[in-house]
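J.: Please see the structure below; I have some questions.
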């Protein structure tokens, strides 16, 4: 007869998975305690950060249900709801969903560096997309943002430049450096996870766009695009994953 897996065995399997994955992912030493692993991971992982208190409590629970001298000797059984929560956390930390599969918009409109500001403004208005990648000689040079483009036009107005002439004769590539766009976008490869994406936005409050490209190279067209607007949806995906 097949032996039934106990709640304690399921809990310990999930516990060990979380401990092992985080140590491997962030290069933590074996001598570091589980609690320290969780606390240090808080700075690096949005899922751990959200469930820090639960993960610390479950670490204490693990110590309570196993014999001090023998980690394989169980002296108590955790409740099923605790086991299922721990398994859920182990799943999302060990095999996080990919942003390209679950979140990113794969219908990415791209601009050429010599496109006029007038054309860019019209495209933003027609598409409803406020962040458009700009390419020159098939290489990404930045992202045109609608709000910052308006700032450029406002500056031209302050400088008494004819606005009709400015938007029709000025190309987006020439104003992109003034928009400091490199501060507002990031490029990642197709293995980018939703958790990693959220971490990027949390680490850089100015970040507006994450572009996913083949191998994370600027020389390839985008496979998908993620904006600040998608952060709420990313959190929903993680909550039910």
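J.: I'd like the full set of residues that are modelled with pLDDT of 90 or more, surrounded by fewer than 15 Cβ atoms within 10 Å (Cβ to Cβ) and under 21 Å from residue 111 (Cβ atoms), limited to segment 200-241.
T.: 214, 217 - these are the residues of segment 200-241 that are modelled with pLDDT of 90 or more, surrounded by fewer than 15 Cβ atoms within 10 Å (Cβ to Cβ) and under 21 Å from residue 111 (Cβ atoms).
J.: Would you confirm, using the coordinates I've provided, whether residue 152 is out of contact with any helix residue (DSSP H, G or I) (no Cβ under 9 Å at 6 or more places or on another chain) and closer than 21 Å to residue 228 by Cβ?
T.: No; evaluated as a whole, the condition is false for this residue.
J.: May I pose another question? Consider residue 28 against the criteria (1) in a helix (DSSP H, G or I); (2) at pLDDT 95 or above: it satisfies all of them except one. Which criterion is unmet?
T.: Among (1) in a helix (DSSP H, G or I); (2) at pLDDT 95 or above, residue 28 violates only (1).
J.: Give segment 147-165 a look and list any residue that's within 27 Å of residue 103 (Cα to Cα) and surrounded by fewer than 18 Cβ atoms within 10 Å (Cβ to Cβ), or say none.
T.: Scanning segment 147-165 gives a single hit, 147.
One line per residue, one yes/no per condition, for (1) in contact (Cβ under 8 Å) with a residue 24 or more places away in the chain; (2) assigned by TED's automatic domain parsing to the domain that holds residue 139; (3) out of contact with any helix residue (DSSP H, G or I) (no Cβ under 9 Å at 6 or more places or on another chain); (4) more than 30 Å from residue 91 (Cβ to Cβ):
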{"position": "156", "(1), (2), (3), (4)": "no, yes, no, yes"}
{"position": "165", "(1), (2), (3), (4)": "no, yes, yes, yes"}
{"position": "170", "(1), (2), (3), (4)": "yes, yes, no, yes"}
{"position": "194", "(1), (2), (3), (4)": "yes, yes, no, no"}
{"position": "200", "(1), (2), (3), (4)": "no, yes, yes, no"}
{"position": "205", "(1), (2), (3), (4)": "no, yes, yes, no"}
{"position": "219", "(1), (2), (3), (4)": "yes, yes, yes, yes"}
{"position": "223", "(1), (2), (3), (4)": "yes, yes, no, no"}
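J.: What do you reckon, is residue 38 touching a strand residue (DSSP E or B) at 6+ places or on another chain (Cβ under 6 Å) and outside the structural domain of residue 134 (by TED's automatic domain parsing)?
T.: no
J.: Only one of 143, 82 is at pLDDT 90 or above, assigned by TED's automatic domain parsing to the domain that holds residue 49, under 30 Å from residue 44 (Cβ atoms) and surrounded by 15 or more Cβ atoms within 10 Å (Cβ to Cβ). Can you tell me which?
T.: 82
J.: Still on this structure, I have one more. Can you name the residue in segment 99-127 that is in a strand (DSSP E or B) and in contact with a helix residue (DSSP H, G or I) (Cβ under 7 Å, 6 or more places away or on another chain) and is also farthest from residue 58 (Cα to Cα) among such residues?
T.: Of everything passing the filter in segment 99-127, 116 is farthest from residue 58 (Cα to Cα).
J.: Still on this structure, please answer the following. Residues being buried (at least 21 other Cβ atoms within 10 Å of the Cβ) and either in contact with a strand residue (DSSP E or B) (Cβ under 8 Å, 6 or more places away or on another chain) or modelled with pLDDT of 95 or more (or both): count how many of those fall in segment 166-185.
T.: Here the count works out to 4.
J.: Additional query: For residue 109, indicate whether it is within 17 Å of residue 185 (Cα to Cα) and surrounded by 16 or more Cβ atoms within 10 Å (Cβ to Cβ).
T.: no
The values are calculated or read from the model by the stated rules, or taken from the named source; none is laboratory data. Small disclaimer: the values here were computed from a predicted structure and weren't measured. Ideal geometry is used to build each Cβ from the backbone, glycine not excepted, and the neighbour counts take in all protein chains shown.
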